[in-house]
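Every number here is computed from the coordinates shown, using simple stated rules; none is lab data. Nothing here was measured: the structure is a model prediction, and the numbers come from that model. Counting neighbours? That spans all protein chains shown, and the Cβs are built from the backbone with ideal geometry, glycine included.
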Amino acid sequence: MGLRKKYINSTLVSKTCSKCHKTYPRDEEHFYRRQHHSRKDTYKYSADCIRCDNERMKKWRVNHKEQKKQSDLKYVKSERGYFKALHYSMNRSNKGNLIKDFDEFMDCWKRQKEKYGEYCPYYPHIKLTRIKGQDIKKQILIYLLIDLLIVCHMLKVI
């Protein structure tokens, strides 16, 4: 850094919430912050304080239950959302898990998908599915997929 003193704008020390009009210190404890779109190492703080933003989101969730349910379902049906939920359930399992990192889990799946496509490596006539349901065959395919990914991870076969 140069010899010049860094200019600190005194108006940037505090920030006023646009909803409740209370003044708080400009920090992550009172306002959500995000990366500035064009400046490196600079952050922008939201216009609403965290308390007001949480109230707004709570009202939105109550008024848009069906829309929230549909968007959650859409995410779980996507490949990333499905595997995110699968990895989360594996980590919560009391049976143990060899793959701790989600990125490692997805990497295993991508390698298997590149080599075998959507089909099972051991039973090539079975197409692996990402559809969750009550059908016992679908549940078996889900558990088969988990087992295959773990075995492939252990052996580094794929």
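Brief remarks follow.
- Distance in nm between pseudo-label sites at Lys19 and Arg39 (7 Å out along the Cβ direction from Cα): 2.6
- Calculated FRET value between Lys59 and Ser89, using beta carbons and R₀ = 22 Å, to 0.05: 0.10
- Each part reduced to its alpha carbon centroid, the stretch 16-61 and the stretch 84-98 end up 34 Å apart.
- Between Cys49 and Ser18, Lys19, Cys20, the built amide H atoms are under 5 Å apart, and every one of these is 5 or more places off in sequence or on another chain.
- Burial ranking of peptide ranges 27-34, 109-116, 69-76 (average Cβ count within 10 Å, highest at the top): 109-116, 27-34, 69-76
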